[in-house]
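Here's the structure, in structure tokens; my notes come after.
The values are calculated or read from the model by the stated rules, or taken from the named source; none is laboratory data. Predicted, not measured: the structure shown is a model, and the values here were computed from it. A quick note on method: Cβ atoms are made from the backbone with ideal geometry, for glycine too, and the neighbour counts reach across all protein chains shown. Quick note on the areas: whole protein, heavy atoms, side chains included, nothing else; ligands and nucleic acids left out. Shrake-Rupley method; radii C 1.70, N 1.55, O 1.52, S 1.80 Å.
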Amino acid sequence: MSTAIETMVKFEVFRYQPDWDEPTYQVYDVPYREDWVVLDALNYIKDTIDGSLTYRWSCRMGVCGSCGAMVNGYPKLTCAAFLSEYLPGPIRVEPLVNFNVERDLVTDLEGFMEKLESVQPWIIREDGATDDLKSEYLQTPSQHAAYQQFSMCINCLLCYAACPVSSHSEEFIGPAALALAQRYNLDTRDEGVEQRRDVILKDEGIWECSFVGECSAVCPKHVDPAGAIQQAKMTGAIDYYRRLLMPWTVKS
Amino acid sequence: MRGRSHEPIFWSVFGLGGIVAAIFIPVIIFVTGIGGAAGWEAVSGALAHGEDGIGALLRHAPVRAVLGLIMALAAVHAAHRIRHTLIDLHVHAPPAVLIVASYGAAAVVSVLTAIVLALF
Ligand code: SF4
Ligand code: FES
């Protein structure tokens, strides 16, 4: 008679509730399944061991961007982090670093939302015609290709957790929001470059970036925020010298 | 300027220094340190067409000027990188102190290079 012995994987999950003084790590044993990702394990814990565990998720397929967490110290979409990559364990799951924690793995996104809004990541028309549904704004495939990569962001914020600048500067607008600013600045249908300029060209905009490039390394959507910021620095530097040396050529 | 950053000054010299360092320094190291020492005909021949190789090359003022410029730009490049790495490593120093220390060091390197080159 053969008894299949289930392989178990140890999970050390960061726990914090607002009425606790200190966060703690709780250990859970989760059965190993080849096709399971860390999110499946969290769901298993919540369903069968501890219903109080709190975390965000929705699509389970790397689209919604809500399931980001630190898995063994590295920012990951938990729905894309296969248990098999972390055998034999233990697997430590913590909230994304560089964010305040609301409860367990749930982080406070308020600051990011403000930064995102500050770069006005939408198409701006000088004539204000964004809601003129009759107009068509044509674009060639190469004009589209110029910003397409930067438009793939799912706001998972793994890049903020990976960014050394975000770790010391709360005001730094950060990789995803700057990549989106660049995405709209490069869009031929957009006329909002001037309106975004002041936010982007501050120290807390592109210039605090120290080009470590970890944002691009961890991005699950290959957005390459570091590349977007470098592009913006180039335009920003030209703009700076133009204002300095030929002020008469710039508006306002 | 409404809160505008002056970082573009440092960044543009940093960028220029990076390009210059990446393109010229390997060539300089190769020519002066590896190719000549290994006795490659093309390299040692070119160096030796004067009386004493590299010394002869350095007696041309334009060569010295270009070498000095390359060294200075590379030093600013390194200083900028070190300054930002220190900030990333959470070294809590006032920004002005880091600026003076890092680009100051680059200035010292540049001046020393200029002195050495002037002696030829
Ligand atoms: S840029 Fe990439 S890592 Fe950053 S939020 Fe967007 S998808 Fe996530
Ligand atoms: S659950 Fe939607 S991206 Fe992971």
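Brief remarks on what is shown
- Solution diffusion estimate, µm²/s, Stokes-Einstein, chain A, Kirkwood Rh from C-alpha pairs, 10 °C, viscosity 1.306 mPa s: 78 µm²/s
- Taking both sides together, the accessible area buried where A meets B is about 1800 Å² for a 1.4 Å probe.
- Comparing mean-square fluctuations of A:T48, A:T78, A:T235 from a GNM of chain A with C-alpha springs under 10 Å, the top value falls on A:T48.
- Per-pair calculated FRET efficiency, R0 = 25 Å: B:V97 and A:E171 via Cβ, rounded to 0.05: 0.75
- The simple Förster model, with R0 at 41 Å and r as the Cβ-Cβ distance, assigns A:T54 and A:I238 a FRET efficiency of 0.30.
- Between B:A61 and A:D203, the FRET efficiency estimated from the beta carbon spacing at R0 = 35 angstrom works out to 0.30.
- Lys/Arg +1, Asp/Glu -1 at C-beta; the protein assembly as shown dipole; positive extreme among B:A61, A:Y147, A:L178: B:A61
- Overall, segment B:7-118 carries a charge dipole of about 180 debye about its Cα centre when +1 sits on the Cβ of Lys and Arg and -1 on the Cβ of Asp and Glu, all other atoms neutral.
- Student exercise, segment A:110-249 dipole from Lys, Arg, Asp, Glu Cβ charges, in Debye to nearest 20: 440 debye
- Extending 7 Å from the Cα toward the beta-carbon at both A:L87 and B:V111 defines two label points whose distance is 6.3 nm.
- 5 angstrom amide H check on A:V37, placed H, neighbours 5+ away: A:L83
- Heavy-atom accessible area per residue - segment B:7-118, 1.4 Å, Å²: 57 Å²
- For A:C156, nonlocal amide neighbours, meaning residues 5 or more places apart or on other chains whose placed amide H falls under 5 Å from its own, do not occur.
- Applying the Kirkwood pairwise sum to the alpha-carbon positions of segment A:34-138 produces a hydrodynamic radius of 16.3 angstrom.
- Our estimate of slack between A:V250 and A:I5, defined as 0.36 nm per intervening residue step minus the Cα-Cα distance, is 80.9 nm.
- The residue list B:V108, A:C79, B:S12 was ranked by how far each Cα lies along the charge dipole of the protein assembly as shown toward its positive end, using unit charges on Cβ atoms, and B:V108 comes out on top.
- The mean sequence distance of close C-alpha pairs (under 8 Å, at least 6 residues apart), as a share of the length of chain A, puts its relative contact order at 16 percent.
- Å² of accessible area per residue within segment A:110-249, as computed with a 1.4 Å probe and no ligands counted: 49 Å²
- Carbon and sulfur %, accessible surface of the protein assembly as shown computed with the full protein complex present, 1.4 Å: 62 percent
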